[in-house]
Each structure stands twice: as structure tokens, then as C-alpha cells.
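The next block holds one structure in the form of C-alpha cells; read it before the comments.
Every number here is computed from the coordinates shown, using simple stated rules; none is lab data. Just so you know, these numbers come straight off a predicted model, no measurement behind them. All Cβ positions, glycine included, derive from the backbone under ideal geometry; neighbour counts span all protein chains shown.
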Amino acid sequence: MEQRPQVLARAVEGDADSFSSLLEPLLDQAYRLAAVMLNDRSSAEDAVQEAAIKAWRKVRQLRGDSGSLRPWFLSIVANECRMARRTRWWSVIKLADVKSPAAEEPESHSDLHRALLRLTPDERLPLVLHFYLDLPLEELARTLGVSQSAAKSRVYRAARRLRDDLTIEEVF
Amino acid sequence: MSNDDFRRELGHTFDDVAGSPSSNLRDRVRSAVTQAPEARGPYWIAGVAACVIAVLIVGVLYVANRPNPPSLVAGGHETPSASPSPEATASPSAQPTAVPTQSALPPFVCGSTTWAPSQPASTPYTEHISDLRTGVHSGYDRLTITFDRVPGQVEFHPQSGTAFTLSPSGMRATLKGKNGILIVMQGTDMHTSYSGPTDIVTGYSGLAEVRRVEDFEGVVQLGLGVNGAACYRAFYLGSPARLVIDVQTAS
């Protein structure tokens, strides 16, 4: 079986199949990240697809080894989600798509679920990366584009928005 | 709620929000990547930009250094004077960048002639004389006037004697020689691009002296002091634009 560094090298040289094979293991995580950020499964898949295209176009800019691929790609996905949300506010919204606040927060949802949806997408992002995708702190920081200590504090601050009695030791 | 409970419940919440990706997401992404333009976008954009810049530079250089400005030789016409000599019907030579052969040169004339471009510039401009040169040749002495562009109307007035009226002072100046030729150039100046002498005493057998008689308000007059008859021929050359005046000598 071909080694990942070789596949990455071929992808960087412009081999689309190699690039796709590198991305495939990351698509599930990318989708989960986008779905939580956007709270919309269909838009999440669109965002992942767009992010994959952008990543393909920028693959030459990828620095480091194949271990850098996941934080690099997830950061592109997160950016794509931000773009998608910016696009949404001015795009035409069909009346049928307009949800009432009650529909967004049905009674069946737990308090935690409702609290999560009240966070901004950028606040949800460190939570997803840490609690859902279980990224190591180093990758988490690279995905957010900040230092590890800053990444820690972002995760903790967002988690405190969900449960205010959390200590940082309980989070990490 | 314990820490483990919090993590567990948060995990379930994430699962509720996200669900699972559709089964065709992998194919969608692979197809999108395969059909997307290759990862060389910036390179071809840079290539196109380089081509556009190169075309612009070539265009600017071409406009700035047009090799063949419209020449009076090809497009000009001669207006006979009120008292033309039989030889005053000289036709202009073909427009070369080098001096044409003797057979291609116009014949010498001894009367007044006026030259004007057949297609005047749409926007009047002032032409700048940048150089004056003289030289001796077999059968004629030559004065070459170099311009930045093709000048407007040019008149040649042979005269008896070498006294000219300086303008705008009105003073009289007498040049070397026995006869003179007054060259009047409209829409021209001799002080913007020219820094050479304005009075050239050559010591030649035909063309004895060249002197600026007027350089005022877009009109330049040059007086030529000639030892023999004030017979001459004139033609234009391109690249750069030059007015060549050959003063006939005895030999």
C-alpha cells in the first residue's frame, strides 16, 4: 500500500485522485464540524464540498507532512462555514424555510442542546474540535490558528457557556 | 452533573445536531475535486497577467517610438510659390529611413517652395527641433534638421544677399555668403529639445552659415548663407524625423 507522504506528494503535484484519497478519511469529521457550526445538515455537506474544492486549489500551500492535513483541512471547512453563514443573511429566504424560535428549540431538546445552539458558530467550533472530534490540543490550536494556550482558553470559555461550574481541569 | 455525564451528554447533543453524512458525500467530494480546475489557478492567472502586461509594455513602447511618423515625403505636397522656377515642380522622394540614392532624390530648385503634410495633425502641436547638422558632399552641402516629430508647414524662400531680419527683435543680421535661403517652420520650436549652437559658420563652399533667425511663438526661421546660387532641394526622412536641405554647389 502506498505511503501517505507519497500520496501527499502526488496530490501536491496535481493528482486529483491522490488528493481525494487523502481527504476521504477526514470527510466524516469535516461534516460533523460543519453540521454543528451551521446547524444544518444539507448546508454542512455543501460546505464540506466547497472546502474540498478550495483545499484542492490550495494544496500547494500545504506546509508540513501529512499530519498537517487534518487541521489544515478542518480550518478550511470552518472558514467555509463562516462564509456560508455570511452568505445566508442576505440571500432570499423562502417563507417556508423560516422557522419559529419554538421550532428551533423544541421541548424535546435538552437544556444542553438548547444552550449549544445559543452559542455562535465560532464558539461552537472549539467545542466540536475538543469534545466531539477529540483533536489533540496541538491540532486543535492549528485548526483555530492560535497558540495552544489560546486554544485551551477558547475551549474552556465556550464550555463555561454551557455549564458555568466547569473547572479547566475538568475540560482538559 | 458530573464531568463524565457532561461529556457524554455533550457528545449525544453533537450527534443529534450533526447526524450522519449522506452516503454519497464521499462521491460528491471526489467528483467535485476531479472536475474542479487544477490546483494551478494562481499560475495560469499569473501567466495571463504576464501576457497582458507584456502586451501593454510593447504597446506603450510602440506608441512612444513609432518608427515611421507620417512623413511629408510620402504624404506631403508642394505648393508652388508665386514666382516658381521651372525646377520648382520637384516631387518629394520616396520615404526612406536612410538617405535615398541620388537618382531618387528630388531635383534642385531655386525658387520658393512650401511643404505641408497632406494630412495635418488632428490636434495642432508644436514640434521640437532636437539637432542641427551640416556636412559636405559632392555637388552639395547638406543641412539636416532633426525633429522629435514631423513638423508642420515648412517654407523655403531663396533670396539675394544674406541679410535677414531677426524676429522678434527686428534687428538685421548678415550671414556669410552671397545669397540666402530663409526656412520658415510653423508649429516648431528650437529651444525645448535643442541646446546646440544657433549660429553655425561652416566654411563650406556652398553652405556658408546657418543661423537661427526666429524662435518665437511656435515659429522657427533659419537663415542660410550660401556662397553660390540659392538653389536647394529638400526632403524628409523618418526614424527620426529629419528635414534634409541640400544646397547645390558648383562641383
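Could you pull out the trypsin sites (Lys or Arg not before Pro) across region A:47-85 that fall in loop regions by DSSP (anything but H, G, I, E, B) with no more than 15 other Cβ atoms inside 10 Å?
In loop regions of region A:47-85 (DSSP not H, G, I, E or B), the sparsely surrounded trypsin sites (Lys or Arg not before Pro) are A:Lys58, A:Arg63.
Over region B:184-243, consider all pairs of different Cα atoms and compute the Kirkwood hydrodynamic radius from their mean reciprocal separation; express it in Å, one decimal.
12.9 Å
How large is ³J(HN,Hα) for each residue in region B:7-21, as worked out from phi by the Karplus curve 6.51 cos²θ - 1.76 cosθ + 1.60 (θ = phi - 60°), to whole Hz, x for Gly and Pro?
Values, residue by residue: 5, 5, 5, 5, x, 5, 5, 4, 4, 4, 5, 7, x, 10, x Hz.
Once fully extended, how much extra length lies between A:Asp15 and A:Thr167, figured as 0.36 nm per residue of separation less the alpha-carbon to alpha-carbon distance?
50.0 nm is the gain from fully extending A:Asp15 to A:Thr167.
Taking the DSSP beta bridges in region B:148-251 as the whole, what percent of them are antiparallel, to the nearest 5?
Of the beta bridges lying entirely in region B:148-251, close to 95 percent run antiparallel.
Each label point is 7 Å from the Cα along the Cα-to-Cβ direction; what then is the distance between the points at B:Ser2 and A:Leu137, in nm?
2.4 nm
Starting at the first residue of region A:160-172, write each ³J(HN,Hα) from the Karplus equation 6.51 cos²θ - 1.76 cosθ + 1.60 with θ = phi - 60°, in whole Hz, x for Gly and Pro.
Running phi through 6.51 cos²θ - 1.76 cosθ + 1.60 with θ = phi - 60° gives 5, 5, 8, 9, 6, 9, 5, 9, 5, 5, 6, 7, 10 Hz.
Looking only at Cα atoms, what is the convex hull volume of region B:112-251 per residue, in Å³?
Cα convex hull per residue, to the nearest whole number: 99 Å³.
Within the set of other residues whose C-beta is less than 12 Å from the C-beta of B:Arg212, count the net charge using Lys and Arg as +1 and Asp and Glu as -1.
-4
Please list, ordered by chain and number, the residues whose modelled amide H lies under 5 Å from the amide H of B:Ala163; skip anything fewer than 5 residues away on the same chain.
Answer set, sorted by chain and number: B:Leu175.
So how do B:133-139, B:233-239 stack up, highest first, on mean other-Cβ count within 10 Å?
Most protected by this proxy first, the peptides run B:233-239, B:133-139.
What percentages, rounded to whole numbers, describe P(r) for region A:1-93 computed over all alpha carbon pairs with 10 Å bin width beginning at zero?
17, 48, 25, 9, 1
Enumerate the amide H contacts of A:Leu166 below 5 Å, restricted to partners 5 or more residues apart or on another chain; note that Pro and chain-start residues carry no placed amide H.
Under 5 Å from the amide H of A:Leu166: no residue qualifies.
Give me the inter-chain shielding for A:50-59: mean count of other chain Cβ atoms within 10 Å, whole number please.
Counting other chains' Cβ atoms within 10 Å and averaging over A:50-59 gives 4.
Return the average number of partner chain Cβ atoms within 10 angstrom of each residue Cβ along peptide B:19-27.
Mean shielding by partner chains, rounded to a whole number: 5.
May I ask for the net charge around B:Val29, where only other residues with Cβ less than 13 Å from the Cβ of B:Val29 are counted and Lys, Arg are +1 while Asp, Glu are -1?
Once all neighbours under 13 Å are counted, the net charge is -4.
Add +1 for every Lys or Arg and -1 for every Asp or Glu among the other residues with Cβ under 12 Å from the Cβ of A:Tyr156, and state the total.
Net local charge, A:Tyr156 excluded: +2.
Could you give each residue of region B:160-166 its phi-based ³J(HN,Hα) in whole Hz, using Karplus coefficients 6.51, -1.76, 1.60 with θ = phi - 60°, and x for Gly or Pro?
In residue order, the calculated couplings are 7, x, 10, 8, 10, 9, 6 Hz.
Under 18 Å Cα to Cα from A:Lys152, which aspartates and glutamates show up? Leave out anything in the same chain fewer than 8 places away.
A:Asp122, A:Glu123, A:Asp134, A:Glu138, A:Glu139, A:Asp164, A:Asp165, A:Glu169, A:Glu170
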